[in-house]
Structures are given as structure tokens and as C-alpha cells.
Amino acid sequence: KPSMESDYAEDHQWWNAIYSDWLWLVDKYAPSKTLLDVGAGTGEFVRFMRGARWLAWGIEADKKMAERHDLFCGNYRDHYFWEDGIKGHVKGIGMISAHWLMEHLADPADFLSWAHDALATNGMLLFTIPNDFSEIQYKAMLAIRRPYYWLHETHINYWNATSIREWLPKHGFNIMHSKTY
């Protein structure tokens, strides 16, 4: 989104509180303090984790965004970033994060397979996805009289809390924690 950076800057304090919640969870369980953030956007989560003494990198598909924020440019399917750019520096990644990414992927199962293979033994996948039809959205939709106002043309996958909890174990992941905001 064109306003992504300014929107983020406006909510910087809130985001740091969210990142602190995530850090509290993952610090206890990750096998190493290494992070690869896929779809890193502005790189703020990467910078936050570096400030928490994690070895952190980010991959961002948008070239201009990646260049502005000192991130690798590309996507998880790009051989360069994994084999030549990241793997040579880390022997298995303690945590992969993917925030607001899986709803955009044509093949999210492929992403999960890739992430599972890229993680260290007992590595963690931390991700966020929109819960794209909740009671709140239903009430808002009725109140403003605009059906499905939140749907975005780039969102090609949708989950709710139940469907994602059923789907992840089928792709080799154990769910350690689930949280909604």
C-alpha cells in the first residue's frame, strides 16, 4: 500500500507493544535467536528483533521497499536468497516470520513446505493472517451497509481460527500458541 510506511510510523508505539508480546513467546521456545522475516515490508520487525539481540534478516519482494530498508529483495522461492544469501550464514533458522503474507500466496502449502525445510530442528514459524470474517466484521458490514468492505483483491486465501488450526498440522507444524487481536 502506498501509505504503508506512514501508517506504520503513526502506530509505531502500538507495533512495538505487539512485537514485545511476540518476543516474549518466541524467546522461550525458539532453538536459536535467528530470524528470517519473509515479506518484511518496512523491516521494522527485523529491526525490533535485532534490538532484542536476535540475528535477523528480512526478505521483501518490493525492490524499492527492500532497498530503502536494507532488506534482501526477492521471495522465498528465489534460489539466491536461500542458498546463496541466507543459508550460508545460518545453519537452520530458529524462527521464520511471515506477517500478512499467506493470504497473498497462490500456493500457501508450498510456502509452509519451504518454511518447514528451512527451519532448524524445533524451529518456529510465527505468522499473522487476517481473520477475514468475524462477528465484528459482520456487524460493521451491516452498520455501514457495504457488504464485504474489507476484502482486498490481492487476498486470494482466507482462514478463520478453526480452519488454520486444522490446516497447519497437515503441513508438519505443531501449534504452540494462537492469539487474536
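Here are the numbers for this structure:
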{"item": "Label-point separation, S178 to K28 (7 Å along Cα→Cβ), nm", "result": "1.8"}
{"item": "Highest average packing first - 165-173, 108-116, 18-26, Cβ atoms within 10 Å", "result": "108-116, 18-26, 165-173"}
{"item": "Flagged links, alpha-carbon separation over 32 Å, of K139/K179; K28/K139; K33/K63; K33/K64; K28/K63", "result": "K28/K139; K28/K63"}
{"item": "Computed lengthening from S134 to Q13, 0.36 nm per intervening residue step minus Cα-Cα distance", "result": "41.0 nm"}
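All of the numbers you see were taken from the coordinates with simple rules; none came from a lab. It should be emphasised that the depicted structure is a prediction, and the values quoted were computed from it without experimental measurement. Cβ sites come from the backbone with ideal geometry, for glycine too, and all protein chains shown count toward neighbours.
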